[in-house]
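One structure below.
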Amino acid sequence: MSFDPVVRLADASRVHGDGPQAVPALRGVSLDVAAGELVAVMGPSGSGKSTLLNLAGGLDRATSGDVIVEGTPLSSLSAKELAGLRRRHVGYVFQDLNLIPSLTALENVTLPRELDGVRFKDARREAMEVLTEVGLEEIADRFSDEISGGQRQRVAIARALAGERRLILADEPTGALDTPTGDEILQLLRTRCDAGAAVLLVTHEPRYAAWADRVVFLRDGEITDSTSAALESAR
Ligand code: ADP
Ligand code: MG
């Protein structure tokens, strides 16, 4: 087993905009997330949590410092190479889910894999596996605007997990879910993590952060604190 991190932020900073309007969203953040590790990111609104996740997944680039995913410094990649690495390695659960309402649950999960060049048959098989894993095999053919909020959330998780991605980034994936549904989401992330993925989870809820191996706290774009929470009992 290798101890190389799946993702490493190396003194990564991100300034949005320039001149007097420049907003330093992230300031010199260093963070490693290893395979099998679930790291929760907490902090007030505007502290840089989403920016950190976007950098970690190559959706946005560092202004200075670097981000290394599976040994590859993202600064060394062209935009096209970056998109390829993202599709191969990164599963992203967006805060507002970004499901396509006119597609079925199955099609929502299959689409990114097909865009990645996976053959329809294989993408479909993979999607059914992961929909089964999240308990949605019965509703695979329903349109995403015909299912409940909790089911939609699980479709978004399934889409991020399809294709055995090693880096899972989840920005408040429990959203406005009730507690049992939120716990199910965390269970799914934890299971994938225990199977070897690295997971970064943004959450406001201590209840969900309790599933993490480590919690980092952000304030004004900096990590102010980090805890290897002895939270086994909370699981
Ligand atoms: P969080 O997710 O913790 O709420 P964000 O990472 O979204 O924080 O934002 C961090 C800071 O960067 C905030 O001050 C926010 O207003 C600013 N910011 C984020 N994205 C942009 C952007 N695209 N353009 C300008 N400022 C931004
Ligand atoms: Mg955010």
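The values are calculated or read from the model by the stated rules, or taken from the named source; none is laboratory data. All figures in this text were calculated on a predicted structure; none of them were measured in a lab. Counting neighbours? That spans all protein chains shown, and the Cβs are built from the backbone with ideal geometry, glycine included. The accessibility values were calculated without ligands, DNA or RNA, using every heavy atom of the protein model including side chains. Shrake-Rupley method; radii C 1.70, N 1.55, O 1.52, S 1.80 Å.
Worth pointing out:
- For the stretch 59-181, the ratio of Cα radius of gyration to the globular rule of thumb 2.2 N^0.38 Å stands at 1.12.
- Under Karplus coefficients 6.51, -1.76 and 1.60, residue-wise ³J(HN,Hα) of the stretch 213-227 in Hz, glycine/proline x: 7, 8, 10, 10, 10, 10, 8, 6, x, 10, 7, 9, 7, 8, 10
- Carbon/sulfur fraction of accessible area - the stretch 1-141, other protein chains in place, 1.4 Å, %: 52 percent
- Theoretical ellipticity at 222 nm over the chain - DSSP helices of four or more residues, -39500 (n - 2.57) apiece, nearest 500: -10000 deg cm²/dmol
- Within a Gaussian network of the chain (alpha carbon springs, distance under 10 Å), most fluctuating of 202, 39, 23: 23
- With a Förster radius of 35 Å applied to the beta-carbon distance between residue 224 and residue 95, the computed FRET efficiency rounds to 0.95.
- The chain, accessible area per residue, ligands and nucleic acids excluded (1.4 Å, Å²): 47 Å²
- Among 160, 40, 140, the largest mean-square fluctuation in a Gaussian network model of the chain, built with springs joining Cα atoms closer than 10 Å, belongs to 140.
- Spacing of the two label points (7 Å from each Cα toward its C-beta) at residue 122 and residue 103, in nm: 1.8 nm
- Annotation: amide H of residue 198 within the under-5 Å range of 36, 167, 168, sequence separation 5 or more or interchain, hydrogens built in the peptide plane.
- Positive-end extreme of charge dipole, the chain - chosen from 193, 21, 128 (charges on Cβ): 21
- About its Cα centre, the dipole of the chain is roughly 420 debye, where the only charges are +1 on Lys and Arg Cβ and -1 on Asp and Glu Cβ.
- 14 Å reach of a label modelled at residue 15, 7 Å along Cα-to-Cβ, counting backbone N of the stretch 53-80: 62-65
- Cleavage-rule hits, trypsin sites (Lys or Arg not before Pro), the stretch 80-163, DSSP coil, Cβ neighbours within 10 Å at most 15: 119, 142
- Chain lengthening between residue 137 and residue 64 when straightened (0.36 nm per residue, less Cα-Cα): 21.9 nm
- Relative frequency of Cα-Cα separations exceeding 19 Å in the stretch 128-187, percent: 26 percent
- Working from Cα pairs under 8 Å separated by at least six residues, relative contact order for the stretch 115-166 is 43 percent.
- Simple label model, 7 Å out from Cα along Cβ direction - residue 114 to residue 75, nm: 3.9 nm
- As a size descriptor, the averaged projected area of the C-alpha convex hull of the stretch 3-60 was calculated at 4.4 nm².
- 3J(HN,Hα) along the stretch 88-99, derived from phi through the Karplus expression 6.51 cos²θ - 1.76 cosθ + 1.60 where θ = phi - 60°, amounts to 6, 10, 10, x, 10, 9, 7, 4, 9, 6, 6, 7 Hz, with x in place of Gly and Pro.
- With the convex hull constructed from alpha-carbon coordinates only, the stretch 8-123 shows a mean projected area of 9.3 nm² over all directions.
- ³J(HN,Hα) computed for each position of the stretch 46-53 - Karplus, 6.51 cos²θ - 1.76 cosθ + 1.60, integer Hz, glycine/proline x: x, 7, x, 4, 5, 4, 4, 5
- Accessible area (Å², 1.4 Å probe, nearest 10) - residue 37: 40 Å²
- Average Cα contact separation per residue, the chain, under 8 Å, 6 or more apart, as relative contact order %: 28 percent
- Nonlocal amide H pairs with residue 26, under 5 Å, H built at 1.01 Å: 14
- 5 Å-binned pair-distance histogram of the chain (Cα, whole percent): 1, 7, 14, 18, 20, 17, 12, 8, 3, 0, 0
- Unit charges on C-beta of K, R, D, E only; dipole of the stretch 54-120, Debye: 160 debye
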